[in-house]
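K.L.:
Here it is, the structure, as structure tokens.
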Amino acid sequence: MLDKNGIAKRIAKEIKDGYYVNLGIGIPTLVANYIPEGVNVVLQSENGLLGMGPFPFEGEEDPDLINAGKQTITTLPGSSIFDSAMSFGMIRSQKIDLTILGAMEVSENGDIANWKIPGKMVKGMGGAMDLVASARNIIVAMQHVNKAGESKLLPACTLPLTGVRCIRKIVTELAVFDVLQEGGFKLIERAPGVSVDYIRKATSGKLYADDDAPEMVLD
């Protein structure tokens, strides 16, 4: 299985030269550390930054430079800082080529729930609703099962929805999936050492999987 860094490294392979990319809170922030060499992208943080770099080394943090998850970050030459109104203007006008988000659940129809667990305190939805409604392309980075071992790739989401029929690709610790227009998860690649049968057992939603699905290559 992949760890969180492995998930981020696999997602980084989906980034194309020239993309403007928004990184959500959690696993997506790690993608900044794995942009392939020779691929030039501009990373956007929804709190108001274009040109985000990798995480700083210990002792080199600047507490005034943070991402949307309040983690310290670095900036690259040519980066710019602006207010939230400008940031969400970029998002809502579809200037962002790719959004990478975490999720609590994804349904086989591409619905996503990633902002609230009923009964638990939450500060608000944040920018997730704007991102899923406006992004040209969305990749979800998530754990395949919850702490109880139950699938988070479901026939229908049980948690409050963030967006409807908006997710097209998912990367978990077990595999890479496309979400089909007609509904269902299509297995594209499996994590090193993970069998197709194991993935079938861990997926509650409709799954289309060939027995000879290829193993992903991370290096």
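The values are calculated or read from the model by the stated rules, or taken from the named source; none is laboratory data. What you see is a predicted model; the values in this text were computed from it and never measured. Methodologically, a virtual Cβ is constructed for each residue, glycine included, from the backbone with ideal geometry; neighbour enumeration extends over all protein chains shown. Just the protein is used for accessible areas: all its heavy atoms, side chains included, with ligands, DNA and RNA removed. Shrake-Rupley method; radii C 1.70, N 1.55, O 1.52, S 1.80 Å.
K.L.:
Would you call Ala141 at pLDDT below 95 and buried (at least 18 other Cβ atoms within 10 Å of the Cβ)?
P.N.:
Criteria not met by Ala141.
K.L.:
Considering only residues that are under 17 Å from the mean Cα position of the chain (by Cα), open to solvent by 30 Å² or more (accessible area, probe 1.4 Å) and not small (Gly, Ala, Ser), which ones fall in the stretch 14-35?
P.N.:
Result: Glu14, Lys16, Tyr19, Tyr20, Ile25, Leu30, Asn33, Tyr34, Ile35.
K.L.:
Out of the stretch 60-93, which residues are touching a residue at least 24 places away in the same chain (Cβ under 8 Å) and hydroxyl-bearing (Ser, Thr, Tyr)?
P.N.:
The answer is Thr75, Ser79, Ser80, Ser84, Ser87, Ser93.
K.L.:
When both residues are 6+ apart or on different chains and their Cβ atoms are under 8 Å apart, which pairs have a first residue that lies in the stretch 190-214 and is within 14 Å of Val176 (Cα to Cα) and open to solvent by 60 Å² or more (accessible area, probe 1.4 Å), and a second that is modelled with pLDDT of 95 or more and of a type in the set (Gly, Ala, Ser)?
P.N.:
Within 8 Å, the pairs are Arg200/Ala209; Tyr208/Gly184.
K.L.:
Looking at Thr172 and the list (1) farther than 30 Å from Arg92 by Cα; (2) in contact with a His (Cβ under 6 Å, 6 or more places away or on another chain), which single condition is not satisfied?
P.N.:
Against the list (1) farther than 30 Å from Arg92 by Cα; (2) in contact with a His (Cβ under 6 Å, 6 or more places away or on another chain), Thr172 comes up short only on (1).
Yes/no per residue for (1) touching a helix residue (DSSP H, G or I) at 6+ places or on another chain (Cβ under 6 Å); (2) under 26 Å from Leu218 (Cα atoms):
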position	(1), (2)
Ala8	yes, yes
Pro28	no, yes
Glu37	no, yes
Val41	no, yes
Phe55	no, yes
Gly59	no, no
Ser107	no, no
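K.L.:
Let me ask another. Taking the condition of being open to solvent by less than 20 Å² (accessible area, probe 1.4 Å) and either of a type in the set (A, V, I, L, M) or part of a strand (DSSP E or B) (or both), how many residues in the stretch 155-172 meet it?
P.N.:
Going through the stretch 155-172 one residue at a time, the tally reaches 4.
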